[in-house]
1. Which chymotrypsin sites (Phe, Trp or Tyr not before Pro) in the range 220-260 pass both tests, a DSSP loop state and at most 15 other beta-carbon atoms within 10 Å?
2. Determine the per residue accessible area of the chain with all protein chains present and a 1.4 angstrom probe, expressed in square angstrom.
3. Beyond a 29 Å Cα-Cα separation, which of these cross-linked pairs lie in this structure: 146/190; 254/276; 68/162?
4. So what is the relative contact order of the chain, in percent, for Cα pairs below 8 Å that sit 6 or more residues apart?
5. Let me make sure I get this right: for the chain, a, b and c are the square roots of the gyration tensor eigenvalues over alpha carbons, sorted descending. Under 1.5 in a/c it's rounded, otherwise prolate if a/b > b/c, else oblate. Which is it?
6. From the backbone phi of the range 135-142, what are the Karplus-calculated ³J(HN,Hα) couplings (6.51 cos²θ - 1.76 cosθ + 1.60, θ = phi - 60°) in whole Hz, Gly and Pro given as x?
7. As a test of the formula, what do you get for the chain when each DSSP H run with n ≥ 4 contributes -39,500 (n - 2.57) and the sum is divided by the residue count, at 222 nm and rounded to the nearest 500 deg cm²/dmol?
8. Take residue 290, project a point 7 Å from its Cα along the Cβ direction, then tell me which residues of the range 305-331 have their backbone nitrogen under 14 Å from it.
Amino acid sequence: MFEPLGYQVTAKPLILDEQFPEWGASPYFAVELQNTVRLADLLSHLYVLIPVLDDDKHYWVGDEEIEKLLHHGEGWLKAHPAREQIADRYLKRQRRLTRIAVAQLVEEDNTDPEKVEVSRALEEKVLEQRISLNEQRLEAVMTVLKASGAQRVVDLGCGEGKLLRLLLAESAIAQITGVDVSFRALEIAKERLQVDRFSLAQQSRLQLIQSSLIYRDSRLTDFDAATVIEVIEHLDLERLAAFERVLFEFVRPKFAIVTTPNIEYNVKFENLPAGKFRHRDHRFEWTRNEFQTWAHGVAKRFGFGVEFRSVGTEDLEVGSPTQMAIFTQCK
Ligand code: SAH
């Protein structure tokens with residue numbers, strides 16, 4: 001990573017614990033870099049390449065990261081022989097982001113207008129596919145919510161607040177609560193929703209709570225509807241039972257909408273290697289049968305009725321990309 005930029009590199013493996021040499025090597029290295037460069041360039045190299053070597057970023061990676069990568073990589077990244085790998089790791093292996101970043105790097109040194117057009121089109125296609133499924137999912141959720149007449153809605157695992165934005169735009173919904181375990185996601189939600197510009201009335205309509213869905217939280221009671229959009233697959237399977245009790249026994253809304261990927265559809269994603277989940281943090285992905293069996297089971301145990309909808313383009317054989325269960329509390 002550093003040698004193509006003119007550095008001399010020495011890397012010594014460290015042992016895990018000097019007192020217990022039999023434990024073997026640690027995952028860390030002591031690394032020395034030598035070069036004569038401008039301080040600003042050195043800092044840019046470190047800024048990009050340390051998370052690349054680490055192969056992890058300990059915070060949310062979104063579209064803004066592409067800008068950061070291209071900004072700090074200016075003047076060196078496009079000529080780097082490992083630029084694809086650097087972009088891939090820097091963007092936490094989110095293929096959509098990597099493809100956009102690499103397309104922009106290629107575009108910079110590519111004066112052939114046809115090729116530029118191809119890379120732009122690719123960028124757009126990747127984006128559009130993603131946006132349209134996301135939008136279709138949110139739209140499907142909003143349709144069910146509006147028909148239910150819910151006035152107090154809690155979005156469990158609200159993430160960056162995409163659904164919260166739509167809920168806020170719906171004047172019939174009086175009280176909106178977003179819950180997520182990730183402080184960072186809630187900060188992004190606040191920024192995107194521009195909560196700091198809210199009037200007092202708007203402020204009292206929206207509540208954001210940092211909490212984990214596998215523990216009871218006394219702030220989460222008295223809701224007409226709960227939404228759990230693309231969240232259950234992020235929970236360890238052995239924690240799912242705890243979550244079921246939180247949602248259906250403790251929060252116990254009149255309606256609950258739960259969505260999750262349909263793993264059968266994954267064969268339709270041309271870039272997804274066979275056997276891989278759609279997201280690195282997914283702990284499981286279910287077939288339609290697995291999801292429906294789970295949903296029928298919890299509905300029965302907790303006194304709810306359940307029906308299913310498919311979201312996104314439906315394929316005759318493998319169904320739709322997203323599956324949705326709508327639970328209604330039995331009177
Ligand atoms: N519902 C959002 C976000 C889905 S991503 C959307 O559709 O865009 C999954 C979200 O679940 C992430 O924001 C993650 O932080 C959250 N999450 C994962 N485990 C959780 C837990 N135990 N408690 C609360 N939130 C959790």
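The values are calculated or read from the model by the stated rules, or taken from the named source; none is laboratory data. This is a predicted model, so every value here is computed, not measured. Cβ sites come from the backbone with ideal geometry, for glycine too, and all protein chains shown count toward neighbours. Keep in mind that these areas ignore ligands, DNA and RNA; they rest on the heavy atoms of the full protein, side chains included. Shrake-Rupley method; radii C 1.70, N 1.55, O 1.52, S 1.80 Å.
1. Qualifying residues, ordered by number: none.
2. Details: 18780 Å² over 331 residues.
Each residue of the chain exposes 57 Å² on average to a 1.4 Å probe.
3. 254/276
4. Result for the chain is 11 percent.
5. Working: a/c = 1.91, a/b = 1.70, b/c = 1.12.
Cα axes put the chain in the prolate bin.
6. Computed from phi, the couplings for the range 135-142 are 5, 5, 5, 5, 5, 4, 5, 5 Hz.
7. Result for the chain, helices only: -12000 deg cm²/dmol.
8. 323
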